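Trainee: Pasting a structure here, questions to come.
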Amino acid sequence: MKVLKFGGTSVGSAQRIKDVAELVRGRGRNIIVLSAMSGTTNTLVEIADYLSRKNVNGAKDTINNLENRYRGVIAELYSDPEMLRMATERLDESFALLRSLAHDNFEASDEKIILAQGELMSTAMMELYMKEQGINCVWLPALEFMRTDENGEADIDYITEILCPMIEHHPDADLFVTQGFICRNSTGGIDNLQRGGSDLTASLIGAAIHAAEIEIWTDIDGMHNNDPRFVNRTTPVAELHFDEAAELAYFGAKILHPTCVMPAKFNNIPIRVLNTMDPTARGTLIYNTVHSRSIKSVAAKDGVIAVKIKSSRMLMASGFIHRVFEIFDNYKRPIDMIATSEVGISVTIDNPLKLEHIIDELKEIGTVTVDYDMVIICVVGDLEWHNRGFEAKAVDALRDIPVRMISYGGSNYNISFLVKAEDKVGALNALTDALFPET
């Protein structure tokens, strides 16, 4: 059994839903994980934002517009009047719930309930369309088996315990369809796995059922060797190690959510990234094997802040580094890059929340300099230290780009450069020219 996840663009219209149904039929007894239709989650966030500002009429108007869009989709999707009636009923339930929450006493927990409706509607439409096409499709409610623990981490034991019997209860099912992104938390409240959470849902399900493979279907033919939004000459990467894929996802590659890699890696389940718009494309296979000593890809992470702390003493005082990390840890600000010398330390963070308080505490132990609007350029591949020349190629490629920091050696798969945002596009293109001259 495989797990096939389709993103919002893949189910973004009636025709796309039909295409996905055709793509998955006849491929065996698999589980389909769907995101909300493209644009839906943003609209639901907008509804919640109106309500948090006590603009009930603005929320209701947005709900009406969203409902009109879905009415048009199901009118085009179904030819069987009975299926259209059933789909209308399912949508009515979600929109009635949205309207019931449109009041002045809106609470933060209500937003999670609102956001869940997108995946509930997309999977309802897919289930009914598959049934209209003669496919024995079973709808699996993610809110019954997908749960996080008190630390907000996925409760894989609970997921396995509940999900596997649900599947076994339907031995004749051709396909199962379920919702990505949404879950319940440890108190039983409706919650979600945050942006990109549908990828994580697919990976968690794959781990729970010991899937043969996890397929992530999106709108591009695999993970590319650079960002095609900024570099014209990019190509898909045929194979990646899990750690390489995780580095790329964390440092800016939008095709795969970084949290989805670990459950698949630990359970040795390959992930294949494929293109819904071009199902015959090879895509990218991600697994636990390293096949070639080479540089695979480049990614960029925006919105980075660099903080340099110079020790107040001539040489590094005992406990200085410990105190620096303790301050960031107290404010729950994870650090991406680190560079040290005998008198100071530079780090990067990607969230300015509480930064003024962090700086105030850092000034108690040293002189602080802050650089805003920076970008981390991440070069990923088999970068074991004994692979001669790989890091030199990357450094030489950026000889005309001012580099604020370099991080190398903390990972076998990554060398990172910190540059100004204005130099991002130039750096990405320079790296492609130097590292992938034949693409």
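The values are calculated or read from the model by the stated rules, or taken from the named source; none is laboratory data. From a predicted model like this one, the values you see are computed outputs, not experimental measurements. For neighbour counting, all protein chains shown are included, and Cβ atoms are generated from backbone atoms with ideal geometry for every residue, glycine included. Keep in mind that these areas ignore ligands, DNA and RNA; they rest on the heavy atoms of the full protein, side chains included. Shrake-Rupley method; radii C 1.70, N 1.55, O 1.52, S 1.80 Å.
Each row is one residue, and each column tells you yes or no for (1) under 17 Å from residue 191 (Cβ atoms); (2) not aliphatic (A, V, I, L, M).
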{"position": "108", "(1), (2)": "yes, no"}
{"position": "119", "(1), (2)": "yes, yes"}
{"position": "125", "(1), (2)": "no, no"}
{"position": "134", "(1), (2)": "no, yes"}
{"position": "139", "(1), (2)": "no, yes"}
{"position": "149", "(1), (2)": "yes, yes"}
{"position": "159", "(1), (2)": "yes, no"}
{"position": "170", "(1), (2)": "no, yes"}
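Trainee: Output the residue which, of all residues in segment 192-214 that are of a type in the set (D, E, K, R) and surrounded by fewer than 24 Cβ atoms within 10 Å (Cβ to Cβ), is modelled with the lowest pLDDT.
Mentor: Looking at the filtered set, the residue picked out is 195.
Trainee: For residue 373, state whether it is at positive phi and within 29 Å of the chain's Cα centre (by Cα). Can you show your working first?
Mentor: Numbers: at positive phi: yes; within 29 Å of the chain's Cα centre (by Cα): yes.
Judged against the criteria, residue 373 is a match.
Trainee: Find the strands (runs of 3 or more DSSP E) located wholly in segment 340-439 whose residues include 3 or more that are closer than 25 Å to residue 223 by Cα, open to solvent by 10 Å² or more (accessible area, probe 1.4 Å) and touching a strand residue (DSSP E or B) at 6+ places or on another chain (Cβ under 9 Å), and list them.
Mentor: Where strands (runs of 3 or more DSSP E) fall fully within segment 340-439 and carry at least 3 residues being closer than 25 Å to residue 223 by Cα, open to solvent by 10 Å² or more (accessible area, probe 1.4 Å) and touching a strand residue (DSSP E or B) at 6+ places or on another chain (Cβ under 9 Å), they are 405-408.
Trainee: Look at residue 33 and say whether it is in contact with a Gly (Cβ under 7 Å, 6 or more places away or on another chain), under 24 Å from residue 86 (Cβ atoms), of a type in the set (A, V, I, L, M, F, W, C) and touching a residue at least 24 places away in the same chain (Cβ under 8 Å).
Mentor: yes
Trainee: So if I check each of 90, 69, which one is open to solvent by 70 Å² or more (accessible area, probe 1.4 Å) and not in a loop (DSSP other than H, G, I, E, B)?
Mentor: Values: 90 fails: open to solvent by 70 Å² or more (accessible area, probe 1.4 Å).
None of the others qualify; the one that does is 69.
Trainee: If I filter segment 3-21 down to residues being surrounded by fewer than 20 Cβ atoms within 10 Å (Cβ to Cβ) and modelled with pLDDT of 95 or more, which single residue comes out as nearest to the chain's Cα centre (by Cα)?
Mentor: Within segment 3-21, the match that is nearest to the chain's Cα centre (by Cα) is 13.
Trainee: Quick check, is residue 74 touching a Leu at 6+ places or on another chain (Cβ under 7 Å), farther than 22 Å from residue 195 by Cβ and either in contact (Cβ under 8 Å) with a residue 60 or more places away in the chain or assigned to a loop (DSSP other than H, G, I, E, B) (or both)?
Mentor: yes
Trainee: Does segment 155-177 contain at least one residue that is open to solvent by less than 20 Å² (accessible area, probe 1.4 Å), acidic (Asp, Glu) and in contact (Cβ under 8 Å) with a residue 60 or more places away in the chain? Let's see the steps before the verdict.
Mentor: Step one: filter segment 155-177 for residues open to solvent by less than 20 Å² (accessible area, probe 1.4 Å), giving 159, 163, 167, 173, 175-177.
Subsequent filtering for residues that are acidic (Asp, Glu) retains none.
No.
Trainee: Just one of (1) in contact with a strand residue (DSSP E or B) (Cβ under 7 Å, 6 or more places away or on another chain); (2) closer than 30 Å to residue 160 by Cβ trips up residue 238, so point out which.
Mentor: That leaves (2) as the condition not met.
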